[in-house]
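Undergrad: Dropping the structure in here first, questions after.
The values are calculated or read from the model by the stated rules, or taken from the named source; none is laboratory data. As the structure is a prediction and not an experimental result, all values here were calculated from the model. Because the Cβ atoms are built from the backbone with ideal geometry, glycine has one as well, and the counts that use them run over all protein chains shown.
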Amino acid sequence: MTRRSILFGAVFLLILAGIGWLFLSPGSSDEPRESPFPETAFVETLEDADPGERFWVYGLGAPDFVDGRAYLFDIEGKRLGQISTGYWHTNLLPLYGRDEIVSVETYFSRGTRGERTDVVVAYDTTTLKPLYEIVIPSKRMMGITNNFLVSSTKDERFLAVTNYTPAQTLTIVDLESKAFVEEVETPGCMIPHAGGERSFFLICSNGAFMHIKLGPDGAVQSVERTPVLFDAIEDPLTAAPSKIGDTWYFMTREANVRAFTVSDDAITARDEWSLLTDSERSSGWTIAGFGHSAAHEKTGRFYALVRQGEPHQFEDPGEEVWVFDTETQKRIQRITMKDLTISIDVTQTDEPKLLTKDVHIPLSLLEQMRIFASQGQRGFDGLTQARVNVYDATSGDHIVRSEIAPSGTYLNVKAW
Amino acid sequence: MTRRSILFGAVFLLILAGIGWLFLSPGSSDEPRESPFPETAFVETLEDADPGERFWVYGLGAPDFVDGRAYLFDIEGKRLGQISTGYWHTNLLPLYGRDEIVSVETYFSRGTRGERTDVVVAYDTTTLKPLYEIVIPSKRMMGITNNFLVSSTKDERFLAVTNYTPAQTLTIVDLESKAFVEEVETPGCMIPHAGGERSFFLICSNGAFMHIKLGPDGAVQSVERTPVLFDAIEDPLTAAPSKIGDTWYFMTREANVRAFTVSDDAITARDEWSLLTDSERSSGWTIAGFGHSAAHEKTGRFYALVRQGEPHQFEDPGEEVWVFDTETQKRIQRITMKDLTISIDVTQTDEPKLLTKDVHIPLSLLEQMRIFASQGQRGFDGLTQARVNVYDATSGDHIVRSEIAPSGTYLNVKAW
Amino acid sequence: MLSLDEAIEQLARRRARTSSRRGFIGKLGAVLVGAALVPLIPVRRSAAFAQDTSKTLKESGDPLDCNYWRHCAIDGYLCGCCGGSATSCPPGTVVSDITWIGTCHNPTDGKDYVISYNDCCGLSDCGACPCNTNKDDTPIYRPQTSNNLNWCAGSQADVPYHCSLSVVIAVAE
Amino acid sequence: MLSLDEAIEQLARRRARTSSRRGFIGKLGAVLVGAALVPLIPVRRSAAFAQDTSKTLKESGDPLDCNYWRHCAIDGYLCGCCGGSATSCPPGTVVSDITWIGTCHNPTDGKDYVISYNDCCGLSDCGACPCNTNKDDTPIYRPQTSNNLNWCAGSQADVPYHCSLSVVIAVAE
């Protein structure tokens, strides 16, 4: 291919693009607006909103782990605010009863060196300012994404924080007295899932659970290991379950669903069903992404992020969300994703919305091919955007693609 | 334009791109390499290098001011290492005599909130580890880019740090005793330029300089204001000069060069010349970028970053570097930039290299047009890369485009 | 690996040269540089101006565009993209104590207005909608009129810069 | 503003569906997710293995490619893009104390090797050359074999993660 012919090709492309412009240029609608004058600067506060009308995007923000951020959006995908959440942020806990947002954060006195401090920080839900902080042992576990590394009791009084140093322990925090309560050893088990009034169920590496029950003051009252309840080798639970009532619905590596009902007394294995038909399984459908499940309480629907591809690349982005009725365990809906989906959530509203945390590549397919041909996959490093797509969770209709969460890879979305 | 015709157009583009692939796919040269085995993990240290064989890319790293970084590259553009430099980092000082790299850094106890600490940090030149730090008043000025907000005396013993709260003061630090010496008020003047053995010359807003002379222990011995030496309103000096011997060469807003010779006794206005001929001036050539000057000591050459465009957009990226002989004040070379250039530097080697800190847009022109048409300039937010291009500073030949400095906008390049 | 990329580069370069004064590449460059703050004439402490009249301001266009009339001297992230607006800081931030005022022309009513460019401080940078207009910007050693420094300095939240406002406070006489 | 963009999206989607198993979009997705660390079988403390023989290892290909043979179970930024190599940490970091070992097949000599996936800790993340291969990765509650946690935990530099190594320490029997 000579230089001249390449130039010719390029010019031709330009002409094509020019034609496109004529038809695609957005018209400018310049209707004058009126507003009071003179103006005065002020600081916004968030209006009261019913749960499910807003959502958070958050996570470790690669490639900039130091400056964790959580971005707040309204359900139309517009940014409402932001909080700064420190080094390698993992999860954000909206505590509706306390009217707080809680985040466990890590700071070093010199950014990435010096003294480490781990703190529980509670944020005001209207000003997004820190209300108080509680210093805890500097041991919290940092995972790529996991919404249950930190959990609260049902009454939102006590917090359980997963530690990994690599010794496995759990830190208990009292949000009412604003104090660290105690650290309990949890060898072989981690990730507290709330159950009953004052219980946490940790998943153990052997397929059992560890039941940790707190007393009225938050001190650990009992620690018990259950028998083995799932196959941790052949078909392990993924660490991204969803809860309906007192039942946790886990997906498994082999694309099954395992349900467990929890109380202050016990955890009970309940239903088990496959996300896939045999033919879907044989045609390569499997689980996808990180936060790959969601549930809608009122309708009892379970949402699973799936993809077609190699089983061992199970963290690759999802292509579809499949909707199941947890009563009949039948699939009732397939929703095709607009972008590459990493995590999902569903609002608990009467007309629920499906929120998908996506990797959006803002380039044409042609450009993607050009980059891939000349530089391979490396060429895409940094050329992607963290966005959320909002769908009608009942009809599956796509509603909107959100504005960008700038500066990095955020893997989580949570309705608020 | 119907959907079908768009699809046809898209397919046509794909075919064109496919033809391109055939000619552009890099061949894989798979010659086996041999190495000792078994291997052991170790930590690299930097080899001794003559000055000018490496360079730093650094700056505030928008949109992530919290996690400032300085990236080290070899002269072939490969990354050698990195240091973490805290909130809104401005400049990095390679102190060859002390065999240290010095950086003034700011940290908050909680990332962007809590207690602020400003520290002078000295890094080892082979391990890149912090050697020591000196806490100074938390007042340092944060500018978009300025390599002289922090300067050292010629003997590299004392450091002067620009403060702005908005009161204007200068902090003096003793690197030998590793202590804060004193803070001196500098109303109306800022940015210390080293002169003589123990003098700093600050630029004042009225077109004068402030001469601050230190005693042997670093305490301020005298503070004197010079008469007005330049027109701060009609043709102000830019804050990005270069030094040859005892002479500072400043560019001005109107694209002239003003030279000042400095000693412990005085600052003396010397030469003045225009970067532009009358016809170049009338055809819209003017200054460009931020760190837009550089000089080569041995050959007495001065390098100026220029562009054609609106005068008031003088920070727009440069298109060419013009090379002048400071003796004859004649232009001897024009070098056309490969990317959008923000700042430049020149190595002090016998065969000097021109280093240009650039904004590289890794997209084809077609894609740029498509994005611009559908989303306007906003579409490019986040789609650019911080890279350095290396040129032969004598012939102007382009040598290499460096690897990426990830995560943000870095505006500075400095030969090391 | 020359060829297509390089050809495109050449075209881009030529286009940059021949484009209109407010050219595409020029704009691009202006946008890419990142954030900063705000220029223009005398330093103004909050509430130094009395604001007693209650009139109406007419304006049109996209307030999230860098070329929107009241942003004529802004340099930073538009708060309107960050959970605020041209006059309001996003939740969790504070309005900077010090501000610079500029004069911008409102094409809708043909009048010139005095704009107060406060910043919002106390969070990581917003990161969205960077704008950089250098009209009447002076070198950093004339700080009152320079946009190349962090103007959150001296605010209640200290230097952490989040985004920038464009508040219309008076008709320019 | 549908049309061209949407058409292209449709094409991309179709291509993703019909592409080979190690597809383009799949790869892309894998790469985009960011950084983490390393999986595979027993936890290994540094120097727990004796290394007395001195042989020669033959290999070929691009060590900065995620599909390079010895990265078969890596998850993070390749240190070779950060001032180190597959066996050396960049200046200013420390080698993590704990490491996980995996087994990878070297196509050049046809043998399987034991790979030690140490991390380099103590700086901001390197940010270059992210790779994420999930072969034999287990859920986070089986941490010894999971790549979804910060493995700098417990290192001399604590949790700040910079990049990941792939050190060939033995022939797999």
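Undergrad: Restricting attention to the stretch C:81-100, which residues are surrounded by fewer than 24 Cβ atoms within 10 Å (Cβ to Cβ) and modelled with pLDDT under 90?
TA: C:ASP97, C:ILE98
Undergrad: With respect to the numbered conditions (1) buried (at least 24 other Cβ atoms within 10 Å of the Cβ); (2) more than 30 Å from A:PHE209 (Cα to Cα); (3) in contact (Cβ under 8 Å) with a residue 12 or more places away in the chain, which one is the sole condition not fulfilled by D:ASN150?
TA: All conditions pass for D:ASN150, except number (2).
Undergrad: Ok, one more. Going by the structure shown, is B:THR162 surrounded by fewer than 22 Cβ atoms within 10 Å (Cβ to Cβ), closer than 26 Å to C:ASN148 by Cα and either at pLDDT below 95 or not aliphatic (A, V, I, L, M) (or both)?
TA: Against the criterion (surrounded by fewer than 22 Cβ atoms within 10 Å (Cβ to Cβ), closer than 26 Å to C:ASN148 by Cα and either at pLDDT below 95 or not aliphatic (A, V, I, L, M) (or both)), B:THR162 does not qualify.
Undergrad: Looking at this structure, is B:PHE302 of a type outside the set (Lys, Arg), touching a residue at least 60 places away in the same chain (Cβ under 8 Å) and within 14 Å of another protein chain (Cβ to nearest Cβ)?
TA: no
Undergrad: If I ask for residues that are more than 19 Å from A:THR145 (Cα to Cα), polar (S, T, N, Q) and away from chain C (no Cβ under 14 Å), which ones from the stretch A:390-416 would you list?
TA: Hits for the stretch A:390-416 are A:THR394, A:SER395.
Undergrad: Answer yes if at least one residue in the stretch C:114-124 is more than 7 Å from every other protein chain (Cβ to nearest Cβ), out of contact with any Leu (no Cβ under 8 Å at 6 or more places or on another chain) and at pLDDT 95 or above, and no otherwise.
TA: Yes, the conditions are met somewhere in the stretch C:114-124.
Undergrad: Output the number of residues of the stretch A:73-120 satisfying the condition of being within 12 Å of chain C (Cβ to nearest Cβ) and either under 18 Å from C:VAL94 (Cα atoms) or in a strand (DSSP E or B) (or both).
TA: Summing the residues that are within 12 Å of chain C (Cβ to nearest Cβ) and either under 18 Å from C:VAL94 (Cα atoms) or in a strand (DSSP E or B) (or both) in the stretch A:73-120 gives 11.
Undergrad: Just the residues that are of a type in the set (Asp, Glu), more than 20 Å from B:PHE260 (Cα to Cα) and exposed (fewer than 15 other Cβ atoms within 10 Å of the Cβ), please, taken from the stretch B:273-319.
TA: Hit for the stretch B:273-319 is B:ASP278, nothing else.
Undergrad: If we only count strands (runs of 3 or more DSSP E) wholly inside the stretch B:342-416, which ones have 2 or more residues that are under 12 Å from B:VAL57 (Cβ atoms)?
TA: B:353-360, B:385-392, B:412-415
Undergrad: From D:ASP75, D:ASP112, D:ASP119, which residue is surrounded by fewer than 20 Cβ atoms within 10 Å (Cβ to Cβ) and either more than 21 Å from A:GLY408 (Cβ to Cβ) or of a type in the set (Asp, Glu) (or both)?
TA: D:ASP112
Undergrad: Report yes if some residue within the stretch B:218-227 is touching a Gly at 6+ places or on another chain (Cβ under 7 Å) and within 11 Å of chain C (Cβ to nearest Cβ); otherwise report no.
TA: There is no residue in the stretch B:218-227 that is touching a Gly at 6+ places or on another chain (Cβ under 7 Å) and within 11 Å of chain C (Cβ to nearest Cβ).
Undergrad: For A:ASP67, indicate whether it is touching a Ser or Thr at 6+ places or on another chain (Cβ under 6 Å), of a type in the set (D, E, K, R) and surrounded by 24 or more Cβ atoms within 10 Å (Cβ to Cβ). Spell out how you get there, then give the answer.
TA: Values: touching a Ser or Thr at 6+ places or on another chain (Cβ under 6 Å): yes; of a type in the set (D, E, K, R): yes; surrounded by 24 or more Cβ atoms within 10 Å (Cβ to Cβ): yes.
So A:ASP67 fits the description; yes.
Undergrad: Please pick out the residue among B:GLU176, B:GLU183 that is under 21 Å from B:THR90 (Cα atoms) and either touching a residue at least 24 places away in the same chain (Cβ under 8 Å) or surrounded by fewer than 17 Cβ atoms within 10 Å (Cβ to Cβ) (or both).
TA: Every option except B:GLU183 fails the conditions.
Undergrad: Before we move on, is B:LEU131 surrounded by fewer than 18 Cβ atoms within 10 Å (Cβ to Cβ) and farther than 21 Å from B:TYR164 by Cα? Walk me through it before giving the result.
TA: Numbers: surrounded by fewer than 18 Cβ atoms within 10 Å (Cβ to Cβ): yes; farther than 21 Å from B:TYR164 by Cα: yes.
Judged against the criteria, B:LEU131 is a match.
Undergrad: Okay, moving on. Select from the stretch D:149-159 the residues that are facing another protein chain (nearest Cβ under 7 Å) and out of contact with any Pro (no Cβ under 8 Å at 6 or more places or on another chain) and list them in ascending order.
TA: Selection gives D:ASN150, D:ASP158, D:VAL159.
Undergrad: In this structure, does B:ASP231 turn out to be over 26 Å from the mean Cα position of the chain (by Cα) and either surrounded by 14 or more Cβ atoms within 10 Å (Cβ to Cβ) or of a type in the set (S, T, N, Q) (or both)?
TA: On the way: over 26 Å from the mean Cα position of the chain (by Cα): no; either surrounded by 14 or more Cβ atoms within 10 Å (Cβ to Cβ) or of a type in the set (S, T, N, Q) (or both): yes.
Considered against the rule, which asks whether it is over 26 Å from the mean Cα position of the chain (by Cα) and either surrounded by 14 or more Cβ atoms within 10 Å (Cβ to Cβ) or of a type in the set (S, T, N, Q) (or both), B:ASP231 comes out as no.
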